[in-house]
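Q: Below is one structure. I have some questions about it.
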C-alpha cells in the first residue's frame, strides 16, 4: 500500500493528497457540502484547458500504464486495464473532445471514476486540485459555436485567475453502447 501511494505521489501535483479524496479540510466545509451549498470537484488538465468532475464519482487516481487495446472500439477508447481483478476501459479525453489521441507517457494520469454501475478510467494530462465551490458560483455554459467538449459541460467556475469547465461524465459516453462494444471486442 505504501508503495502504491509513493508511486501515485509522483504523478499528482505537489500538495495534492489523494488520501483526502472526498474529504474536506475543515468541518465548516464538511457541513456546507453535506447541506448542498458547497460541492467538490477534482480538477485536471487536458491540453491547455482545465476541467472538473464531481469528486463523488472519483474512485482513485493513478499514473499511466500500458493498456490492452481492443479491436472495433472508438478511437477514444485506449483499451482496458486490470485493476485488482476489475476490467476497466480507459478513455482518452483529448481524443473524445476531438483533439487527437494523447501520446501518453508516465507523466499522464488516469482518473478512475464510477459512472452509474460502471467503473472507467479517464486519461488526462495532469490532476490539478480539489476544488470546494459554492453552488451559486457555478455559471451556465454560454451558447456559442460548439467545441468538441461543449456538449459535455454542465457549468463553468472561476478559481483564482483560471476558468474550470465542469464535466458531466455521464454525458461523455453512451455507456450501454460502449459496454456492449467493449464486451464483444473482448470475447
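The values are calculated or read from the model by the stated rules, or taken from the named source; none is laboratory data. As the structure is a computational prediction, the values presented were derived from the model and not from experiment. Ideal geometry is used to build each Cβ from the backbone, glycine not excepted, and the neighbour counts take in all protein chains shown.
Q: Any idea which of 85, 36 is exposed (fewer than 14 other Cβ atoms within 10 Å of the Cβ), closer than 21 Å to residue 116 by Cα, modelled with pLDDT under 90 and out of contact with any strand residue (DSSP E or B) (no Cβ under 7 Å at 6 or more places or on another chain)?
A: When all the criteria are applied, what remains is 36.
Q: How many residues are touching a helix residue (DSSP H, G or I) at 6+ places or on another chain (Cβ under 8 Å) and either surrounded by 12 or more Cβ atoms within 10 Å (Cβ to Cβ) or under 30 Å from residue 156 (Cα atoms) (or both) if we restrict to the stretch 53-72?
A: The qualifying residues number 8.
Q: Here's something else I'd like to know. Taking the stretch 124-158 on its own, how many of its residues are at pLDDT below 90 and assigned to a strand (DSSP E or B)?
A: Result for the stretch 124-158: 2.
Q: Can you tell me which residue among 50, 75 is assigned to a loop (DSSP other than H, G, I, E, B), modelled with pLDDT of 90 or more and either within 18 Å of the chain's Cα centre (by Cα) or surrounded by fewer than 16 Cβ atoms within 10 Å (Cβ to Cβ) (or both)?
A: Matching residue, one of 50, 75: 75.
Q: Kindly provide the set of residues from the stretch 108-122 that are modelled with pLDDT of 95 or more and either farther than 16 Å from residue 46 by Cβ or out of contact with any helix residue (DSSP H, G or I) (no Cβ under 6 Å at 6 or more places or on another chain) (or both), ordered by number.
A: Answer for the stretch 108-122, where residues must be modelled with pLDDT of 95 or more and either farther than 16 Å from residue 46 by Cβ or out of contact with any helix residue (DSSP H, G or I) (no Cβ under 6 Å at 6 or more places or on another chain) (or both): 108, 109, 110, 111, 112, 121.
Q: Looking at the stretch 93-113, is at least one residue touching a residue at least 40 places away in the same chain (Cβ under 8 Å), under 14 Å from the mean Cα position of the chain (by Cα) and more than 21 Å from residue 166 (Cβ to Cβ)?
A: yes
Q: Now a separate question. Give the residue that is farthest from the chain's Cα centre (by Cα), with candidates limited to residues of the stretch 78-92 that are in contact (Cβ under 8 Å) with a residue 40 or more places away in the chain and under 17 Å from residue 171 (Cβ atoms).
A: 89
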